[in-house]
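K.L.:
My questions will all concern the structure given below.
The values are calculated or read from the model by the stated rules, or taken from the named source; none is laboratory data. Note that the structure is predicted; figures quoted are calculated from it, not measured. Virtual Cβ from ideal backbone geometry, glycine too; neighbours counted across all protein chains shown.
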Amino acid sequence: MNLDISAPAILIAIGTLIWMGMLPRTFFREGDRNLQWWINAAPFGVSGLVLLGALLGFVKPIGSVPGSLGPAVALAATGVIVASACLMSYTLGTHRRPLALWMQDDDEPRHLVTEGPYRRIRHPFYTSFILLLTGCALAVPHGLTLSMLIFVAYRLNKTAAREEARFLRSELASAYAEYMSGTGRFMPRGSPPE
């Protein structure tokens, strides 16, 4: 893959990863950065380092994209990364108060957000994070970017299931069960509620 073609996608991805990395300090409520939090967060740092290494010529992508597909893959990577940033922005704009950090043992659900992207997706932040690493893997197809994408998708699915179980044990259980029936975990499902 010609990195000259992918350079804009890589730069946009690095900027989005930095912005995402600032969210724990600028948006989310204070919480413990426990081992589970670091396990979920580390792949984003690893992916950023791989992208930076590719941009600087230290990391070589796996294989090459034949002929005219190179620009198409670079454009797709850019589109996916921009979609991730847009979804992250939309999700941030939906919240009136900060959320808890990932994997907080003492965090009980306090309210249910069903507006904005939450009308169709239960975990739009996680969806935006998975999209971001998908864009990274498209921009720099490398064993590390691909494995980080797979690992994050697995970990965020587990984290989402854990958070949903908490909702289903809380005083918001019936409202959340109804909400779950009309929305997808990471992908939009059904039509938005009236």
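K.L.:
Among the numbered criteria (1) within 18 Å of Pro117 (Cα to Cα); (2) crowded, with 16+ Cβ neighbours inside 10 Å; (3) at pLDDT 75 or above, which single criterion is violated by Leu99?
P.N.:
Against the list (1) within 18 Å of Pro117 (Cα to Cα); (2) crowded, with 16+ Cβ neighbours inside 10 Å; (3) at pLDDT 75 or above, Leu99 comes up short only on (3).
K.L.:
Any residue in region 10-32 that is of a type in the set (S, T, N, Q) sitting within a Cβ distance under 7 Å of a residue that is surrounded by 14 or more Cβ atoms within 10 Å (Cβ to Cβ) and modelled with pLDDT of 95 or more? List the pairs, counting only those 6 or more apart or interchain.
P.N.:
Within 7 Å, the pairs are Thr16/Ile81; Thr16/Ser84; Thr16/Ala85; Thr16/Leu132.
K.L.:
Filter region 29-45 for residues that are buried (at least 17 other Cβ atoms within 10 Å of the Cβ) and either hydroxyl-bearing (Ser, Thr, Tyr) or outside any loop (DSSP other than H, G, I, E, B) (or both) and give the result.
P.N.:
Gln36, Trp37, Asn40, Ala41, Pro43, Phe44, listed by residue number.
K.L.:
Looking only at region 116-150, filter to residues that are aromatic (Phe, Trp, Tyr) and under 12 Å from the mean Cα position of the chain (by Cα); which one of those is surrounded by the most Cβ atoms within 10 Å (Cβ to Cβ)?
P.N.:
Phe129
K.L.:
Looking at region 138-153, which of its residues are more than 19 Å from Asp4 (Cβ to Cβ) and touching a Leu at 6+ places or on another chain (Cβ under 7 Å)?
P.N.:
Met148, Leu149, Val152, listed by residue number.
K.L.:
Given the options Asn2, Asn34, Asn40, name the one that is at pLDDT below 90 and within 15 Å of His142 (Cα to Cα).
P.N.:
That would be Asn2, the only listed residue that is at pLDDT below 90 and within 15 Å of His142 (Cα to Cα).
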